[in-house]
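The values are calculated or read from the model by the stated rules, or taken from the named source; none is laboratory data. Computed from a predicted model, the values in this text were never measured in an experiment. Methodologically, a virtual Cβ is constructed for each residue, glycine included, from the backbone with ideal geometry; neighbour enumeration extends over all protein chains shown.
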């Protein structure tokens, strides 16, 4: 599929739930989310039907997200079904990793060979503060389990937050010296209402280069500018949705757990897919591609995202 701005749209992110076992302050309210009825959430059969239609239209990459996708019962079987769709070339997942120790091997055998793990700090107390409920030990155990299962590449998603983890930039990047991981610093996005961050929290990714002048540029992959520390086994990535938006390279659509297809993360525009089948379903997916904007609006501490939902409801 190609949108009106000649971008090839071949990537679908699928949120399977808006629930999570953590309460990250930039993602969802402290009290969690209002529990939707089971009937409000797409069934596995509906997700598979939508994925098949998208693949028929040219999607080649599927990523499973949440909330936290591993809290959805039967998630391994869903991954197996999606991975068996003819035309799917890449099946991956984003997770906080807390539940990975008992699931990584089954997920790998189901076809999830790449994984992104959210990890914003290497300090136990700070990890508990940013996640409100989590344990750093659980996340690190999940990271090890993914590596032992053979998942590669493993990408670590670190939201860069001034006054919280900017003092850990060298320590976090040092993970790439020891392990063949890609540590990606992502600029904090002003999305949803969950966290009252002040302007000092919105650091540009340039701060990483200032703290680590020894980083050597290695090009780009997707939305990330890639660097390497001298002699490191892995790489450091910088993702800059505020300071250097990458809308010109955006190739994705996002399916919410309740069946809405979103052309842009930072727009409230959604195309309902639930209940559609065959040509009507494919036409609705094409309509979402047609409505994909050239770029999102300005983003900063004072210029909030127009997403209209919290991040846990969209799937990142």
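Just need a number here: residues in region 127-136 that are within 18 Å of residue 94 (Cα to Cα) and loosely packed, with under 15 Cβ neighbours inside 10 Å.
So the answer is 1.
Can you give me the number of residues within region 72-99 that are out of contact with any strand residue (DSSP E or B) (no Cβ under 8 Å at 6 or more places or on another chain) and under 17 Å from residue 145 (Cα atoms)?
Total meeting the criteria: 3.
Quick grid of which residues meet (1) touching a helix residue (DSSP H, G or I) at 6+ places or on another chain (Cβ under 7 Å); (2) within 21 Å of residue 29 (Cα to Cα):
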residue: 116; (1), (2): no, no
residue: 122; (1), (2): yes, no
residue: 127; (1), (2): yes, yes
residue: 140; (1), (2): no, no
residue: 143; (1), (2): no, no
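For region 154-171, enumerate the residues that are touching a residue at least 12 places away in the same chain (Cβ under 8 Å) and out of contact with any strand residue (DSSP E or B) (no Cβ under 6 Å at 6 or more places or on another chain).
161, 162, 163, 164, 165, 166, 168, 169, 170, 171
Residue-by-condition table, conditions (1) out of contact with any helix residue (DSSP H, G or I) (no Cβ under 6 Å at 6 or more places or on another chain); (2) modelled with pLDDT under 95:
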position: 136; (1), (2): no, no
position: 160; (1), (2): yes, no
position: 169; (1), (2): no, no
position: 175; (1), (2): yes, no
position: 178; (1), (2): yes, yes
position: 185; (1), (2): no, no
position: 196; (1), (2): yes, yes
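Is it true that residue 106 is surrounded by 15 or more Cβ atoms within 10 Å (Cβ to Cβ) and either more than 27 Å from residue 127 (Cβ to Cβ) or touching a residue at least 60 places away in the same chain (Cβ under 8 Å) (or both)?
Answer is no for this residue.
Just to be sure, is residue 234 touching a helix residue (DSSP H, G or I) at 6+ places or on another chain (Cβ under 7 Å), over 26 Å from residue 313 (Cβ atoms) and surrounded by fewer than 19 Cβ atoms within 10 Å (Cβ to Cβ)?
No: the conditions fail for residue 234.
So, of the residues in region 286-303 that are farther than 12 Å from residue 3 by Cβ and surrounded by 16 or more Cβ atoms within 10 Å (Cβ to Cβ), which turns out to be modelled with the lowest pLDDT?
299
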